[in-house]
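**Student:** I'd like to ask some things about the structure below.
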Amino acid sequence: NWTMAAYREKAIEKIRAEVGTDKVICGLSGGVDSSVAAVLIHEAIGDQLTCIFVDHGLLRLNEAEDVVAMFRQQYNIPLVHVDASDKFIGALEGESDPEVKRKTIGRLFIETFEEEAKKIGGAEFLAQGTLYPDVIESVSFTGGPSVTIKSHHNVGGLPERMNMKLVEPLRELFKDEVRALGRELGLPEHFVGRHPFPGPGLAIRCPGGLTRDKLDILRKADAIYLDEIRKAGLYDTIWQAFAVLLPVQTVGVMGDGRTYEFVCALRAVTSVDGMTADFYPYDMAFLGKTATRIINEVRGINRVVYDVTSKPPGTIEWE
Ligand code: XMP
């Protein structure tokens, strides 16, 4: 892709001119945006860059391990991996208010990031994988200009109080362009093509009181769901798909026993930029098969439902 090759060169020159010989730290979320930003910046300034990956314990199955391995082994990018899951999950335990969850995660993220940044010391610049839609959405959102629908948190949420200059090499790009840039930088296809994932992670896919057990149940159901989507060849057609663990228990029957377990909702949407979205029209055979696997393989779930709400009026995430 010639456009992206040119973009890459220009972006690298711009980063070098901006940063000079200073040190840069970059927060990694495990997602595509921050990873592409980090690889691009590393290409521009090498080991003047240090990445900090605050692992909040709210990622999908194996996600943290995959990202750490990719950065350390494939790219040799200096990376600090902070396992902060006890801190995050401890603070969120029992919390059911979506905005409190979002704000708690945002606050803990900043605290943890700051602590680590201090340990590294001497960095003038903070790198962020902010995209063009992030720039727009932080101004106006689905509900109109003055209504906050959701307090967004991602690694781009660090406040001015960190008192650092910003490097945001993806600010002009849309998601599909970031993916193209990622490919241009040699990131593996399965990584670059990954569905978007929200900064607050699985915490906002567990409505009602959050517990470690619920997160574990959700993580397993989500992995099975995504596995079925990949096997059916639907992953790239769907813009985003995930499981939600509902705070509702229902009665079921398994063998000759009664069960009383949680309901799992499946979500899948098509979209261009996440601002509007349509629910994905699966065929019933796919849904039936996936539901059977989830109920058979995940202890704690005995019923599966499919969300047929588009955005608007629904949002993509449930919280
Ligand atoms: P909603 O649920 O608002 O989501 O329709 C639109 C897109 O944004 C993602 N999302 C987030 N991403 N931090 C993020 O980095 C957040 O706090 C956040 N909340 C939602 C969501 O997954 C979807 O792709």
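The values are calculated or read from the model by the stated rules, or taken from the named source; none is laboratory data. This one's a predicted model, so the numbers in the text were calculated from it and none came from an experiment. No Cβ is skipped: glycine too gets one built from the backbone with ideal geometry, and neighbour counts run over all protein chains shown.
**Student:** Quick one: GLU63 ticks every box in (1) out of contact with any Leu (no Cβ under 8 Å at 6 or more places or on another chain); (2) at pLDDT 95 or above except a single one, so which number is it?
**Tutor:** All conditions pass for GLU63, except number (2).
**Student:** Checking THR290 against (1) farther than 23 Å from PRO196 by Cα; (2) touching a residue at least 40 places away in the same chain (Cβ under 8 Å); (3) not in a loop (DSSP other than H, G, I, E, B), which test does it fail?
**Tutor:** (1)
**Student:** Kindly indicate whether any position in region 76-86 is part of a helix (DSSP H, G or I), more than 16 Å from the ligand (Cβ to nearest atom), closer than 23 Å to ARG179 by Cα and in contact (Cβ under 8 Å) with a residue 12 or more places away in the chain. Let's see the steps before the verdict.
**Tutor:** Looking only at region 76-86, we keep the residues that are part of a helix (DSSP H, G or I), and these are 85-86.
Now drop any that are not more than 16 Å from the ligand (Cβ to nearest atom), which leaves 85-86.
Those still in the list that are closer than 23 Å to ARG179 by Cα too: none.
For region 76-86, residues part of a helix (DSSP H, G or I), more than 16 Å from the ligand (Cβ to nearest atom), closer than 23 Å to ARG179 by Cα and in contact (Cβ under 8 Å) with a residue 12 or more places away in the chain: absent.
**Student:** For the condition at pLDDT 95 or above and away from the ligand (no atom under 14 Å from the Cβ), what is the one hit in VAL269, VAL244, VAL251?
**Tutor:** On the way: VAL269 fails: away from the ligand (no atom under 14 Å from the Cβ); VAL244 fails: away from the ligand (no atom under 14 Å from the Cβ).
Only one candidate qualifies: VAL251.
**Student:** On to the next question. Would you mention how many residues in region 252-279 are assigned to a strand (DSSP E or B) and without any contact (Cβ under 8 Å) to a residue 12 or more places away in the chain?
**Tutor:** Filtering region 252-279 down to residues assigned to a strand (DSSP E or B) leaves 252-254, 257-270, 277-279.
Remaining after also requiring without any contact (Cβ under 8 Å) to a residue 12 or more places away in the chain: 253, 257-258.
The total comes to 3.
**Student:** Inspect region 31-43 for any residue being part of a loop (DSSP other than H, G, I, E, B) and either surrounded by 17 or more Cβ atoms within 10 Å (Cβ to Cβ) or over 24 Å from the mean Cα position of the chain (by Cα) (or both) and give the result as yes or no. So that I can check it myself, show each step before the final result.
**Tutor:** Step one: list which residues in region 31-43 are part of a loop (DSSP other than H, G, I, E, B), which gives 31.
Restricting the remaining residues to those that are either surrounded by 17 or more Cβ atoms within 10 Å (Cβ to Cβ) or over 24 Å from the mean Cα position of the chain (by Cα) (or both) gives 31.
Yes; the residues of region 31-43 include at least one that is part of a loop (DSSP other than H, G, I, E, B) and either surrounded by 17 or more Cβ atoms within 10 Å (Cβ to Cβ) or over 24 Å from the mean Cα position of the chain (by Cα) (or both).
**Student:** Okay, next question. Look at region 87-131 and say how many of its residues are of a type in the set (Asp, Glu) and in a strand (DSSP E or B). I'd like the intermediate steps shown before the answer.
**Tutor:** Step one: filter region 87-131 for residues of a type in the set (Asp, Glu), giving 93, 95, 97, 99, 111, 114-116, 124.
Restricting the remaining residues to those that are in a strand (DSSP E or B) gives 93, 124.
So the count comes out to 2.
Results for (1) part of a helix (DSSP H, G or I); (2) among the charged types (D, E, K, R); (3) free of Cβ contacts under 8 Å to residues at least 60 places away in the same chain; (4) assigned by TED's automatic domain parsing to the domain that holds LYS23, shown as yes or no for each residue.
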| site | (1), (2), (3), (4) |
| --- | --- |
| LEU166 | no, no, yes, yes |
| VAL178 | yes, no, no, yes |
| GLY182 | yes, no, no, yes |
| PHE197 | no, no, no, no |
| ILE204 | yes, no, no, no |
| LEU215 | yes, no, no, no |
| LYS220 | yes, yes, no, no |
| ILE224 | yes, no, no, no |
| TYR235 | no, no, yes, no |
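**Student:** Pick out the one residue from ASN302, ASN296 that is away from the ligand (no atom under 16 Å from the Cβ), of a type in the set (S, T, N, Q) and not in a helix (DSSP H, G or I). Can you show your working first?
**Tutor:** Numbers: ASN296 fails: not in a helix (DSSP H, G or I).
Going through ASN302, ASN296 in turn, the sole match is ASN302.
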